[in-house]
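The values are calculated or read from the model by the stated rules, or taken from the named source; none is laboratory data. Since the model is a prediction, treat every value here as computed from it, not as a measurement. Cβ: placed from backbone, ideal geometry, glycine included. Neighbour counts: every protein chain shown.
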Amino acid sequence: MTDLPEDAIAKLYAVPLAAFTRERDALAAALTKNDRAAEARAVRQLRRPSAPLWATNQLAHAEADQLGAFLDGITQVRKAQLRDPRAAAEGLARQRRELQHLVHRAGALLTRHGTRATPEAMRRISDTLLGAAVDGPRADELRHGRLTQELAAPGFEVLTGGGRADHLQLVKGGKAGSADAGRAQRRGAAPEQSDQPSATQLKEEAARQRRDAARQRAEVATREREEAAARKQQEAEARQREMAERRAAVEQADQETRDLEARLAAARQRLAAARRAAKSASPRRPTS
C-alpha cells in the first residue's frame, strides 16, 4: 500500500462498516479521474474489514486516550518484567482492566451499528488489541485506526484471565519464576538453580508451540470461512435490495405514465368542450 497515503486508509476504515465498499469504490473512481492510477489501484486492493477489526479500529476515534494508555502500559509492563516483577504484576492488573474496558466499548460499537457482539467477535477484538500492543508498527497503525488485519495474541494468559499476575509471561525468554524465587529466598529456602531448560521442558515448549500454531491456523481458516459466508450473504442481500429498488422504480414509472395519460385525456376533454362552446357562441350572419 505504498502508493496510498496512510490518512486515506484511516478515513476509509473510519466509515460505517456497511458503507466501506461504496466509499472505497468512490475514492478509487475519484483518484482515477484525477490521473492518480497507482493510488486508485491501491485503494481497490483494500479489503472490507471484518466486524471485529472494524470495531477495533474505531477505538482510535471513540477511545483514543484509553487506547493509547493501554498500548503504552503494555510496553512499560514488558520492560519492567525482569527489572521489577512486582511492579510488572501490578501493571498487568491495570492493563487487564483497560483491556476489558476497550473490548466492551468495541462490542458496544458493533451493536450500535447493527452487528452482534458475539463471544467470538469479542475474543477476536481482544486478541487483536493484545497482538498490536507488542508489535510497534501494528500499535502505531491501531493508534490511527488503520489496522488492516486481525492479529493473534499468544502468551497473554495473564491479561486474558488464564494465568496469575505473579507468573509473568510477557517477555519471551524471561525468568517467569523470578518473583517466586525472591519469595523463596526471603523464606530461607533454596530456589532451584536451573538457568538452562531441560530436555523435557524443551519438548513441552515445542509441543505447546505446535499446538498454538495449529490453533491459530484453525482460527484463521474459520475466520476466512465466516468472512466468505458473510460476504456472500451481503452480496445476496445487496442483489435483493437492488432488484427491489428496480421493481419499485418500474412501478413508479408505470404509475406516473398512468397519471400522465389520465391528465392528457382530461385535457383533451376540456379542449373539445371549449371548442364546442366557442363554436356555439360564434355570431350568425343575418339572412337577406
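Summary of values
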read-out: Pairs where the first residue, in the range 110-130, is under 13 Å from S50 (Cβ atoms) and the second is buried (at least 18 other Cβ atoms within 10 Å of the Cβ) and hydroxyl-bearing (S, T, Y), C-beta under 7 Å, 6+ apart; value: I125/T56; T128/T56
read-out: Answer residue from the range 17-50, given it is in contact (Cβ under 8 Å) with a residue 60 or more places away in the chain and under 14 Å from R146 (Cα atoms) and is farthest from the chain's Cα centre (by Cα) among those; value: L46
read-out: Test result for E63, at pLDDT 85 or above, of a type in the set (D, E) and more than 13 Å from A133 (Cα to Cα); value: yes
read-out: The listed residue being modelled with pLDDT under 80, assigned to a helix (DSSP H, G or I) and not assigned by TED's automatic domain parsing to the domain that holds D127, out of T257, T200, T222, T287; value: T200
read-out: Selection count, the range 134-151, where residues are at pLDDT below 90 and in a helix (DSSP H, G or I); value: 1
